[in-house]
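Worksheet for the structure shown next.
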Amino acid sequence: MNTQSVVRIFVTTQEPDHETPWQTQAPANATGSGVVISPGHALTGAHVVADATFLQVQKVSDPNKWVARVEAICHDSDLALLRVDDPRFMRGVTPEPLGGLPELRDRVSVAGYPIGGEEISITEGVVSRIEVQRYTHSERMLLAVTVDAAINEGNSGGPVFNKEGEVVGIAFQTLKDAENIGEMVPTNLIRHFLDGVEQGRSPLIPGFGVSTQNLENPLLRRRAGLGRDQSGVLVVSIEHGGSAWGKLEVGDALLSIDGHRIANNGTVQYKNRFRTSFDVVLGDHFVGDAMDLVVLRNGKVREMSIELQPFMALVPRSQYDMPPTYFVYGGIVFQPLSLDYLRTWGRNWWEKAPTEFLHRYFAGHRSAEQQESVVLNQVLADEVNVGYEHLSNTSVVSVNGVCPRNMRHFVELCENATGILEVKTSDAYIAAFDVKQAREANRRILIRYHIGSDRSIDLQPARPVASNRRPRTAATRRRRARSA
């Protein structure tokens with residue numbers, strides 16, 4: 001293990017404010033850890049550099065800080081690749097090699113810079129579990145390695161070494177209510193991320209887009225048509241636009257995925273070594289890849305291939321490095337329901353947020369009729385919206401009787417309305433506007449509340465590409481006629 005390759009990361013971030021989505025929170029400073037894996041490149045955690053505005057790295061042997069930038073980032077697997085352009089940064093540093101997936105009870109060392117110290121810290125432990133876990137940063141279910149070595153704040157993004165001195169993981173989170181138990185991103189996900197960077201592939205981990213029920217109950221297996229030698233899981237819902245949309249059907253029994261036989265408890269034998277959740281195979285693929293499935297439908301076994309799509313959900317999980325989506329109409333602020341919005345209710349948001357929102361987050365599914373849930377966030381008081389002050393934190397059911405499919409469709413419904421616009425909410429209230437008055441009021445409301453635009457950048461209308469051709473004037477046409 002070469003500690004000269006371990007770096008400390010200094011980051012300035014500016015996170016968006018999802019309560020007032022047209023503005024950001026105050027800049028904040030934090031530190032994390034990383035490891036040099038190739039000339040000028042350091043690997044760290046995506047959560048260390050998420051929403052970063054300025055980055056610096058510091059070597060063990062050098063008190064100077066070197067300006068860095070994010071070259072690639074995968075929030076799904078909580079990995080980021082930083083680049084330092086100054087060639088002097090590599091003096092005295094040897095990049096660390098990547099090792100393989102460790103075995104249970106292998107001894108490992110976690111290196112980094114925990115908060116409260118200026119020197120590198122090394123803690124040791126053993127691998128205690130290798131299975132699919134929830135990544136706190138992205139809320140994705142991916143393969144993770146659990147170790148009984150202390151991973152503290154500031155250690156995040158730091159390397160985990162095996163006894164041969166190879167990097168076998170990146171520290172990324174600790175288990176709640178557990179002492180000295182942490183988790184690391186394994187090297188199969190690290191190699192996948194780096195291969196994708198080299199190939200110019202999307203850094204996103206694909207989503208399957210299917211909810212399933214285990215088939216451990218004998219009666220349920222018979223109902224699904226499974227024979228004595230067959231096993232699998234029951235498809236209970238399919239996300240609109242997801243990888244399995246138009247391929248799988250509700251009621252199918254999924255028997256095999258990517259060449260792995262699925263057990264009745266929803267697990268596969270991954271790499272012939274670990275039994276874990278069948279969706280572990282998604283971490284081996286890129287968006288756009290083909291994946292083979294074997295399903296049982298109406299008593300017949302069918303083989304099919306699906307094209308993997310990005311992870312899709314009715315309520316998007318955490319999003320980073322992008323401003324929130326919003327739209328202001330008649331002084332009322334609308335935005336899509338998201339995990340980031342739910343987190344405005346504080347640490348225990350799953351207990352404090354409206355039940356309606358929580359149900360959509362935990363049990364809602366995208367359909368052709370609704371791909372996003374539009375939320376009425378708050379009312380910016382003005383004479384045009386008098387009497388609507390009590391409206392907040394409720395879903396939009398319809399605009400002039402039409403249910404909005406997503407945020408962009410909602411904006412179109414508002415902008416195409418004439419005469420009277422009626423927005424009906426899930427708590428049965430109605431906000432009615434004279435369209436002409438609402439548009440006129442919006443101008444003064446934006447000025448009064450210091451809002452630069454009535455909508456986020458992603459909802460701005462597309463602008464035509466400027467042409468380099470000079471306009472033809474009458475004089476130009478006359479000159480061309482004479483030259484001819």
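Note that the stretch 257-396 shows a convex hull volume over its alpha carbon atoms of 186 Å³ per residue. Magnitude of the charge dipole for the chain, about its Cα centre and with charges confined to Cβ atoms of Lys, Arg (+1) and Asp, Glu (-1), is about 2180 debye. Evaluating kT/(6 pi eta Rh) at 10 °C and 1.306 mPa s, with the Kirkwood radius of the chain over Cα pairs in the Stokes-Einstein relation, gives 62 µm² s⁻¹. An oblate overall shape is assigned to the stretch 206-310, the ratio a/c of its alpha-carbon gyration tensor axes (a ≥ b ≥ c) being 1.5 or greater and a/b not exceeding b/c.
Values in this text are rule-based calculations from the coordinates and carry no lab data. Not measured: the values here are computed from a predicted model. Counting neighbours? That spans all protein chains shown, and the Cβs are built from the backbone with ideal geometry, glycine included.
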